[in-house]
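Read the structure below first, then the notes.
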Amino acid sequence: MTTPDHQSPASRPVVPAARDRIYRSPMGIVGGVLVLALVVWLGCDALFRGHGRVPWLALAVMILVVPLVTAFTLRPAVFANQERLRVRNPFRVIVLPWGELATLRSGYSNEALATSGTKFQLWAIPVSLRARKRAANKRAKAAAQAARGSSGPFAGTRFGMFGGDASVPDVSAGPARAESDKIMDDLRDLHERHGEAEHAQGEITTRWSYEILIPTLAGAVLLAVLLITG
């Protein structure tokens, strides 16, 4: 008895989806955890030890503040694979197939620009002007050191006067760059490699983060009622 050379769709092995590269802001996460710990500590203290309207006010403030802090610190993330870029911002989740992405821009903020002209900010990849300045200073120092080494009396030698390594550093081998700029370079590389691929086509989808919006609105309403009736 011979076996067929082809397999039915049900018996074919499932090809695993490409794993996401996940980009988040470490400083944002650390700051968010600290702020949440402070809010919960002060809120619980007022909730269990306060008198009169204080516990209700503390509860309303916690319901309002905790989702907002979470939205702007712990929640933002960027997920990228061979098919699409998924941006999780404080109040929205945007899925951008690479084929619908026009470019990725870096200025005072990092942004994804769709082919339709719509702009989406990448909250999870904040721009640090201080980090850019440090990276620029490192590049300038490396270039100056390379220039001195190439024109000094020991140019082209391996060891200096006192036996130290006097070789000229290779500035182009690994230029210093801010971490957010390196991440944007990675995303641009994915876009360049997969932007024209068939599996990277589709429509841009946007979803509101109701798990953040609903408790925030509830806390705001409760706080407003308490303040008005107080």
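The values are calculated or read from the model by the stated rules, or taken from the named source; none is laboratory data. Treat the numbers as computed from the prediction; the structure is a model and nothing was measured. Neighbour counts run over all protein chains shown; Cβ positions are idealised from the backbone, glycine included. For accessibility, only protein heavy atoms count, side chains too; no ligands or nucleic acids. Shrake-Rupley method; radii C 1.70, N 1.55, O 1.52, S 1.80 Å.
If I ask for residues that are under 11 Å from the mean Cα position of the chain (by Cα), open to solvent by 30 Å² or more (accessible area, probe 1.4 Å) and closer than 18 Å to residue 113 by Cα, which ones from region 65-93 would you list?
Selection gives 86, 88.
Could you say which residue among 60, 124, 46, 71 is within 30 Å of residue 223 (Cβ to Cβ) and in contact with a strand residue (DSSP E or B) (Cβ under 6 Å, 6 or more places away or on another chain)? Full working, then the answer.
Numbers: 60 fails: in contact with a strand residue (DSSP E or B) (Cβ under 6 Å, 6 or more places away or on another chain); 46 fails: in contact with a strand residue (DSSP E or B) (Cβ under 6 Å, 6 or more places away or on another chain); 71 fails: in contact with a strand residue (DSSP E or B) (Cβ under 6 Å, 6 or more places away or on another chain).
After ruling out the rest, the residue left standing is 124.
Is there any pair with a first residue in region 113-129 that is without any contact (Cβ under 8 Å) to a residue 40 or more places away in the chain and a second that is open to solvent by less than 60 Å² (accessible area, probe 1.4 Å) and of a type in the set (Ser, Thr, Tyr) whose Cβ atoms are under 9 Å apart and which are 6 or more apart or on different chains, and what are they?
Short answer, once both residue conditions are applied: 113/103; 121/109.
Of all residues in region 180-205, count the ones that are open to solvent by less than 70 Å² (accessible area, probe 1.4 Å) and not in a helix (DSSP H, G or I). Before the answer, list the steps.
Keep residues of region 180-205 that are open to solvent by less than 70 Å² (accessible area, probe 1.4 Å), which gives 180-181, 183-187, 189-191, 194-195, 197, 200, 202, 204.
Going one step further and asking which of them are not in a helix (DSSP H, G or I), we end up with 195, 197, 202, 204.
Final tally of qualifying residues: 4.
I'd like the full set of residues that are more than 11 Å from the chain's Cα centre (by Cα) and more than 13 Å from residue 191 (Cβ to Cβ), limited to region 112-129. Don't jump to the end; show me each part of the working.
First pass over region 112-129, keeping only residues more than 11 Å from the chain's Cα centre (by Cα): 112-120, 128-129.
Across region 112-129, the qualifying residues are 116, 117, 118, 119, 120, 128, 129.
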